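Undergrad: Dumping the structure here so I can ask a few things about it.
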Amino acid sequence: MTEHNSTCTRVVVIGGGYAGTVAANRLQRRDDVEITLINSRPKFVERLRLHQLVAGTGAAALDYSTLLGDGVRLVVDNAARIDVTARTVKLVSGRTLDYDYLIYAVGSTAAVPTSVDGAAEFAYPIAELEHAERLRAAIGGLPPNTAVTVVGAGLTGIETAAELAEQGHAITLVCGERLAPTFSQRGRRLVAEWMARHRVEVLEDVRVAEVLRDEVVLSNGRVVPSAITIWTAGFGVPDLAARSGLRTDALGRLVTDETLTSIDDDRIVAAGDAAAPSRRPLRMSCQAAGPLGAQAADTVLARIAGARPAVLDMAFLGSNVSLGRRAGIVQFSRKNDTAVKAYVGVSFISAAIKEAATKWTLSGIRWEARRPGSLIWLKGGRHVEQQVTASDALANP
């Protein structure tokens with residue numbers, strides 16, 4: 001059955017993460033827009049807290065009724081295919097939704113490589129709520145001092161290792177290359193010092209060659225005991241865009257121009273981790289997700305009004321990482337997301353800043369629900385020389 005209301009402009013948002021919820025709420029700036037948000041779960045997932053869920057120090061799911069505006073209809077389902085010719089979204093349940101404009105905000109997920117023997121079978125990803133719940137059940141049954149290996153030393157890996165170290169587990173953190181690669185040299189050293197104090201063994205310049213049921217084989221031949229192996233190295237994106245015949249980058253993100261409009265169809269706009277503006281995507285992060293969701297909504301609203309959409313203008317402030325429940329580090333950056341020497345060191349102040357930033361992210365979504373158009377962000381991170389139009393991108397695929 002096809003569902004529609006011909007009296008309004010129909011906008012379908014696929015994905016109810018940080019970017020999708022902001023976009024859906026912001027679309028309420030016009031009263032004549034029918035907004036449908038498609039999400040696979042009935043609850044919003046705070047991905048920033050999944051490591052806490054794993055360690056048993058916090059929850060990570062909220063009811064959408066606390067986040068979405070009255071003008072947003074939630075459909076709990078999965079999108080199976082986008083028909084760009086008919087302008088419909090086919091759902092896994094068999095239902096079909098018509099759209100006039102579509103916001104593609106499917107987000108990202110774990111990327112456990114099939115090239116590493118045993119990883120898909122024995123390693124635990126952490127990028128989704130269901131992953132974290134499964135891992136929490138496994139971790140909860142372990143006695144103290146059990147050997148646990150965390151693969152990947154980005155922010156997710158660091159936070160997961162730190163939380164579990166505070167719970168008394170014997171953690172090995174396999175970095176691949178270096179610890180906290182987006183941090184400054186001093187910032188990395190501070191993270192390493194905290195890990196050493198909490199008996200986390202940090203292994204740099206070594207990779208995982210094989211994952212077994214109760215141990216990990218490293219690229220240098222060393223075998224590390226591991227009752228549970230947690231995989232946080234890298235993210236992937238759903239293949240919905242590619243399956244629907246839309247142009248994507250090598251990872252599968254939807255290729256857009258600098259207004260976040262698909263280079264294949266000006267009725268489709270992308271936001272969040274699954275967007276690749278000018279084939280130069282922003283770092284996958286909640287810091288970028290909100291502004292990208294707002295930008296996507298503004299692009300759709302401009303097209304409905306017959307106006308020229310604005311180009312993407314978003315800058316980064318830095319990164320913050322929690323180290324257990326009582327410490328953290330705030331690493332500042334240039335607007336283009338490259339680290340500078342300035343930081344707030346390991347302290348309860350940094351932990352408080354991280355907690356405030358996590359809460360502020362939800363507050364931004366709620367502000368948009370109550371007062372659409374209220375979300376603001378730092379600008380100036382992308383420059384004119386980086387901006388290409390859809391025609392440029394088509395000419396240079």
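The values are calculated or read from the model by the stated rules, or taken from the named source; none is laboratory data. It should be emphasised that the depicted structure is a prediction, and the values quoted were computed from it without experimental measurement. Don't worry about glycine lacking a Cβ; one is built from the backbone with ideal geometry, like all the others, and counts go over all protein chains shown. Only protein heavy atoms, including side chains, enter the accessible area calculation; ligands, DNA and RNA are left aside. Shrake-Rupley method; radii C 1.70, N 1.55, O 1.52, S 1.80 Å.
Undergrad: When the stretch 91-103 is examined, which residues are found to be closer than 17 Å to residue 16 by Cα and not hydroxyl-bearing (Ser, Thr, Tyr)?
TA: Across the stretch 91-103, the qualifying residues are 91, 92, 97, 102, 103.
Undergrad: Something else now. List the strands (runs of 3 or more DSSP E) that sit entirely inside the stretch 170-274 and contain at least 2 residues that are more than 30 Å from residue 312 (Cα to Cα).
TA: Once the strands (runs of 3 or more DSSP E) in the stretch 170-274 are filtered for at least 2 residues that are more than 30 Å from residue 312 (Cα to Cα), what remains is 170-174, 201-203, 208-211, 215-218, 223-225, 228-231.
Undergrad: Out of all the residues in the stretch 99-124, which are crowded, with 21+ Cβ neighbours inside 10 Å, in a loop (DSSP other than H, G, I, E, B) and of a type in the set (Gly, Ala, Ser)?
TA: Hits for the stretch 99-124 are 105, 107, 108.
Undergrad: So, one more: Only one of these is under 22 Å from the mean Cα position of the chain (by Cα), surrounded by fewer than 22 Cβ atoms within 10 Å (Cβ to Cβ) and assigned to a helix (DSSP H, G or I): 159, 133. Name it.
TA: Unique residue meeting the criteria: 133.
Undergrad: Let me ask something additional. If a residue must be over 17 Å from residue 347 (Cα atoms), in contact (Cβ under 8 Å) with a residue 40 or more places away in the chain and crowded, with 21+ Cβ neighbours inside 10 Å, how many such residues does the stretch 173-188 contain?
TA: Selection size over the stretch 173-188: 2.
Undergrad: Identify the residue in the stretch 368-387 that is modelled with pLDDT of 95 or more and in a helix (DSSP H, G or I) and, among all such residues, is nearest to residue 261 (Cα to Cα).
TA: In this case the residue turns out to be 368.
Undergrad: Additional query: May I ask you to say which residue of 312, 323, 301 is open to solvent by less than 10 Å² (accessible area, probe 1.4 Å) and farther than 30 Å from residue 53 by Cα?
TA: Of the residues listed, the single one that is open to solvent by less than 10 Å² (accessible area, probe 1.4 Å) and farther than 30 Å from residue 53 by Cα is 312.
Undergrad: Could you list, in sequence order, the residues of the stretch 326-351 that are surrounded by 14 or more Cβ atoms within 10 Å (Cβ to Cβ), hydrophobic (A, V, I, L, M, F, W, C) and under 20 Å from residue 58 (Cα atoms)?
TA: 327, 329, 351 - these are the residues of the stretch 326-351 that are surrounded by 14 or more Cβ atoms within 10 Å (Cβ to Cβ), hydrophobic (A, V, I, L, M, F, W, C) and under 20 Å from residue 58 (Cα atoms).
Undergrad: Residues to consider are 245, 234, 252; find the one that is free of Cβ contacts under 8 Å to residues at least 60 places away in the same chain, open to solvent by 10 Å² or more (accessible area, probe 1.4 Å) and not polar (S, T, N, Q).
TA: The unique qualifying residue is 252.
Undergrad: Given (1) surrounded by fewer than 23 Cβ atoms within 10 Å (Cβ to Cβ); (2) in a helix (DSSP H, G or I); (3) of a type outside the set (D, E, K, R), where does residue 292 come up short, assuming only one miss?
TA: For residue 292, the exception is condition (1).
Here's the yes/no breakdown for (1) touching a residue at least 40 places away in the same chain (Cβ under 8 Å); (2) among the acidic types (Asp, Glu):
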site: 63; (1), (2): no, yes
site: 72; (1), (2): yes, no
site: 78; (1), (2): yes, no
site: 85; (1), (2): no, no
site: 97; (1), (2): yes, no
site: 112; (1), (2): yes, no
